[in-house]
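Here's the structure we're looking at; comments come further down.
The values are calculated or read from the model by the stated rules, or taken from the named source; none is laboratory data. Since the model is a prediction, treat every value here as computed from it, not as a measurement. All Cβ positions, even for glycine, are placed from backbone atoms using ideal geometry, and neighbour counts span all protein chains on display.
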Amino acid sequence: MSFEFVKQLPTPEEICKEYPLSAELTARKAQRDAEIRDVFTGKSNKFIAVIGPCSADNEDSVCDYVNRLAKVNEQVKDKLILIPRIYTNKPRTTGAGYKGIVHQPDPEKKPDFLAGLIAMRKMHLRAIAETGLTAADEMLYPENWMYVSDILSYVAIGARSVEDQQHRLTVSGFDVPSGMKNPTSGDFSVMMNSVYAAQHSHSFIYRGWEVKTSGNPLAHTVLRGATNKHGNNIPNYHYEDLNRLMEMYQAMDLVNPACVIDANHSNSNKQFAQQIRITKEVLHSRKLNPDIHNLVKGMMIESYIEEGCQKVGGGVYGKSITDPCLGWKDTEELLYYIAEHC
């Protein structure tokens, strides 16, 4: 056989029982979920910022970052809802490189999935306990959802996963907003079909069970830019792109039409400092058109304590070991700008 079955991992129920979310924090999550839901259903005019490191590689520095974010949140909470990015799985274009804390709790050591699952859950729990901010994560592996289903308030489905049937069907069982990114090709119709699938009920096989889902009305689009056949990045956050997306929503049987703009990746050509300019342009487009204002619910921004990125083992505290990020000073200024102009 090509598969070597190394060891059986604990079930989500076993991990969650060993590392539970307290009743107090469960209530806090319910409150946060309701506030975020109201944005995506149009009941609230607040703006969402899904913001944080490209990958959550170190518990101490990630929680340090989230604590800084919580202080800003207190100043802007009448206008913004800050959702920290605690991304514990990292998709890799070629399959090589650091794949996130679930694979490698220590980026300089070999993979250890048991330790990784525990590290993932402990980091999320610590961030909530210290700050009251429930987080976002990318659902790279649909079967991992149950390990974190009680602690996440937002889920992203990446550009390489959005066409996958299992991802779409699994999202249809989520009870939190789930952003379906456009594929790397930039095809809006693929993204819209993913949202349609996620918003509707399905029956399928999941973790050895026959399951049936009710559909997720909070599934929505995320524009992250595209890459053409020549390998050139093409942005899709401009006014014309948002207007086109709005028209596509109007032509489909979808509830709660909503979009979040990813300011990095192919939209910025991975030039992290451009996220500031891109965010400001999106806010301007919202002011120009009330329909776009209602459609665009928030931004995704990659940010950490130190700007840029470093190689694994670089040793700089709070600096990304994957894609480059905004530093804290620029992040703080940008969040206050968003609160003033959203």
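Sub-6 Å Cβ pairs linking a first residue in region 128-146 that is farther than 22 Å from ALA49 by Cα to a second residue that is of a type in the set (S, T, N, Q) and modelled with pLDDT of 95 or more, at least 6 apart or interchain, are PRO142/GLN166; PRO142/THR170, ordered by first then second residue.
Scan region 270-298 for residues that are assigned to a loop (DSSP other than H, G, I, E, B) and either among the aromatic types (Phe, Trp, Tyr) or at pLDDT 95 or above (or both) and the total you get is 4. The single condition from (1) crowded, with 21+ Cβ neighbours inside 10 Å; (2) part of a loop (DSSP other than H, G, I, E, B) that GLY179 fails is (2). Scanning region 27-47 for residues that are farther than 13 Å from ILE83 by Cα, among the basic types (Lys, Arg) and either in contact with a helix residue (DSSP H, G or I) (Cβ under 6 Å, 6 or more places away or on another chain) or outside any helix (DSSP H, G or I) (or both) gives a single hit, LYS43. When the criteria are applied in full, VAL195 fails the requirement of being touching a helix residue (DSSP H, G or I) at 6+ places or on another chain (Cβ under 7 Å) and not polar (S, T, N, Q).
Sub-6 Å Cβ pairs linking a first residue in region 35-64 that is under 14 Å from MET120 (Cα atoms) to a second residue that is surrounded by 21 or more Cβ atoms within 10 Å (Cβ to Cβ) and among the charged types (D, E, K, R), at least 6 apart or interchain, are SER55/LYS90, ordered by first then second residue. Looking at this structure, is MET146 surrounded by 17 or more Cβ atoms within 10 Å (Cβ to Cβ) and either under 29 Å from ARG32 (Cα atoms) or of a type outside the set (Val, Ile, Thr) (or both)? Answer is no for this residue. For the criterion of being touching an Asp or Glu at 6+ places or on another chain (Cβ under 8 Å) and over 30 Å from GLN250 (Cα atoms), TYR98 passes. Across region 29-58, the qualifying residues are those that are buried (at least 18 other Cβ atoms within 10 Å of the Cβ) and of a type in the set (D, E, K, R), and the one among them that is farthest from SER149 (Cα to Cα) is LYS46. Here region 231-251 is the region considered, the condition is being assigned to a loop (DSSP other than H, G, I, E, B) and modelled with pLDDT of 95 or more, and the residue that is surrounded by the fewest Cβ atoms within 10 Å (Cβ to Cβ) is ASN232. Cβ separations smaller than 7 Å between residues 6+ apart or across chains give the following pairs from region 274-291 residues that are within 20 Å of GLU247 (Cβ to Cβ) to residues that are of a type in the set (Val, Ile, Thr): VAL282/ILE261; VAL282/VAL296; SER285/ILE292; ARG286/ILE292; ARG286/VAL296. Being touching a residue at least 24 places away in the same chain (Cβ under 8 Å) and closer than 18 Å to TYR154 by Cα narrows it down to one of SER189, SER194, so name that one. Exactly one of SER189, SER194 is touching a residue at least 24 places away in the same chain (Cβ under 8 Å) and closer than 18 Å to TYR154 by Cα, namely SER194.
Conditions tested, residue by residue: (1) in contact with a Gly (Cβ under 8 Å, 6 or more places away or on another chain); (2) modelled with pLDDT of 95 or more; (3) of a type in the set (S, T, N, Q); (4) closer than 27 Å to VAL162 by Cβ.
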{"residue": "ASN45", "(1), (2), (3), (4)": "no, yes, yes, no"}
{"residue": "CYS54", "(1), (2), (3), (4)": "no, yes, no, yes"}
{"residue": "ASN67", "(1), (2), (3), (4)": "no, yes, yes, no"}
{"residue": "THR88", "(1), (2), (3), (4)": "yes, yes, yes, yes"}
{"residue": "TYR98", "(1), (2), (3), (4)": "no, no, no, yes"}
{"residue": "HIS124", "(1), (2), (3), (4)": "no, yes, no, yes"}
{"residue": "THR131", "(1), (2), (3), (4)": "no, yes, yes, no"}
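Is there a residue being touching a helix residue (DSSP H, G or I) at 6+ places or on another chain (Cβ under 7 Å) and in a strand (DSSP E or B) anywhere in region 118-132? Checking region 118-132: not a single residue is touching a helix residue (DSSP H, G or I) at 6+ places or on another chain (Cβ under 7 Å) and in a strand (DSSP E or B). Within region 107-137, can you find the residues that are out of contact with any Ser or Thr (no Cβ under 8 Å at 6 or more places or on another chain), more than 20 Å from PRO10 (Cβ to Cβ) and either buried (at least 21 other Cβ atoms within 10 Å of the Cβ) or of a type outside the set (Gly, Ala, Ser) (or both)? Residues satisfying the conditions are PRO107, GLU108, LYS109, ALA127, GLU130, THR131, LEU133.
Here LEU254 fulfils each of the conditions (1) part of a loop (DSSP other than H, G, I, E, B); (2) touching a strand residue (DSSP E or B) at 6+ places or on another chain (Cβ under 6 Å); (3) crowded, with 18+ Cβ neighbours inside 10 Å apart from (2).
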